[in-house]
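Structure, as structure tokens:
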Amino acid sequence: MAGFRYNCGESVWREPSGVDVEIRETAVVTSSTAADLAAALHVQKALPLFTCGDPAAGVRVLEALHAAGFRIVEFTNRVPGNVDVFRAMAAEAGRRQPGLVLGAGTILDVAQAEAFHEAGAAFLVAPHLDEEVGRWCAARHVPWCPGTGTVTEMMRAHRLGAAVIKVFPADALGGPAFLKAVRGPLPWLPLMPSGGVTTDEDNLRGWFAAGAHCVGIGSQLVDASLIAAGRFDTVADRARRLAASLAAIG
């Protein structure tokens, strides 16, 4: 994954056995340019995303995704304290899975952008377009993927330097037909539909036929109930099936 590198940090990782292990190695992830992330996501085709409240469980999810070939993953900021979970998880993932690029999603303001980037986020994703966050990311060369729902927002995101432009919620906005309509006059925009994307090959073909740069996929791949039940084997199976479907699409 050219263009991405890891930088050392410190954290304390608690193994599932309950033993604390101090880590002094790769934790904070940085990337050189937004173009690197956009190019890598275009190759990977899908951005898996998930959240959890336990860093040990999070690492198990990352292992399952990594084994299926996914090297870029988004951890969503959905509950208070997620930044601490992210920090510990990023540190351990850096030790176990060099080359994994971990970003943070549901970044709603600059304070969250600062916190998660400091905790190791290589890139930031949002469900909305916040120009202040966009300017903060541009000034620090942090790849940013804002959420948009109109052509006006998409063009504004592009002008603010978005690496990839998230279309959310893509299914509610009209699905692949909406994406295709936008791509007509604006074929250069790197659009990532999220919301309504599944692991089904026909569903995926519809989005890519409409011109998706890549797709974002969450609960259809990594369901919270699977994490809670420790069903990481099912997560791994879903990830392998997704990878096979994306490979078949070409």
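Taking residue 243 and the conditions (1) in contact (Cβ under 8 Å) with a residue 60 or more places away in the chain; (2) within 21 Å of residue 166 (Cβ to Cβ); (3) hydrophobic (A, V, I, L, M, F, W, C), which numbered condition does it fall short on, given that it satisfies the others?
Single failed check for residue 243: (2).
Please specify each residue of segment 99-132 satisfying the condition of being small (Gly, Ala, Ser), under 11 Å from the mean Cα position of the chain (by Cα) and over 18 Å from residue 70 (Cα atoms).
If the condition is that a residue be small (Gly, Ala, Ser), under 11 Å from the mean Cα position of the chain (by Cα) and over 18 Å from residue 70 (Cα atoms), then 126 is the only one that fits.
From 224, 209, 228, which residue is of a type in the set (Gly, Ala, Ser), surrounded by fewer than 19 Cβ atoms within 10 Å (Cβ to Cβ) and more than 25 Å from residue 61 (Cα to Cα)?
209
Quick check on my filter: what residues within segment 97-111 are in contact with a strand residue (DSSP E or B) (Cβ under 8 Å, 6 or more places away or on another chain), within 19 Å of residue 160 (Cα to Cα) and surrounded by fewer than 24 Cβ atoms within 10 Å (Cβ to Cβ)?
Of everything in segment 97-111, just one residue is in contact with a strand residue (DSSP E or B) (Cβ under 8 Å, 6 or more places away or on another chain), within 19 Å of residue 160 (Cα to Cα) and surrounded by fewer than 24 Cβ atoms within 10 Å (Cβ to Cβ), namely 106.
What are the residues in segment 127-158 that are within 23 Å of residue 75 (Cα to Cα) and among the hydroxyl-bearing types (Ser, Thr, Tyr), if any?
Answer for segment 127-158, where residues must be within 23 Å of residue 75 (Cα to Cα) and among the hydroxyl-bearing types (Ser, Thr, Tyr): just 148.
Right, residue 94: modelled with pLDDT under 95, under 15 Å from the mean Cα position of the chain (by Cα) and farther than 13 Å from residue 161 by Cα or not?
When the stated conditions are applied, residue 94 does not pass them.
Here are some conditions: (1) among the β-branched types (Val, Ile, Thr); (2) touching a residue at least 60 places away in the same chain (Cβ under 8 Å); (3) buried (at least 18 other Cβ atoms within 10 Å of the Cβ). Residue 249 meets all but one. Which one does it not meet?
If we test residue 249 against (1) among the β-branched types (Val, Ile, Thr); (2) touching a residue at least 60 places away in the same chain (Cβ under 8 Å); (3) buried (at least 18 other Cβ atoms within 10 Å of the Cβ), just (3) comes out false.
Exactly one condition in (1) modelled with pLDDT under 95; (2) more than 17 Å from the chain's Cα centre (by Cα); (3) surrounded by fewer than 18 Cβ atoms within 10 Å (Cβ to Cβ) is false for residue 33; which is it?
For residue 33, the failing item is (2).
Determine which member of the set 188, 144 is surrounded by 18 or more Cβ atoms within 10 Å (Cβ to Cβ) and aromatic (Phe, Trp, Tyr).
The conditions single out 144.
Go through segment 185-214 and report how many residues are closer than 20 Å to residue 78 by Cα and either in contact with a Ser or Thr (Cβ under 7 Å, 6 or more places away or on another chain) or small (Gly, Ala, Ser) (or both).
Final tally of qualifying residues: 3.
Grab the helices (runs of 4 or more DSSP H) fully contained in segment 132-239, keeping just those with 3 or more residues being β-branched (Val, Ile, Thr).
none
Could you check segment 103-118 and list, in sequence order, the residues that are more than 15 Å from residue 216 (Cα to Cα) and not in a helix (DSSP H, G or I)?
Of everything in segment 103-118, those that are more than 15 Å from residue 216 (Cα to Cα) and not in a helix (DSSP H, G or I) turn out to be 107, 108, 109.
The values are calculated or read from the model by the stated rules, or taken from the named source; none is laboratory data. Values in this document were obtained by computation on a predicted structure and should not be read as measured data. Ideal geometry is used to build each Cβ from the backbone, glycine not excepted, and the neighbour counts take in all protein chains shown.
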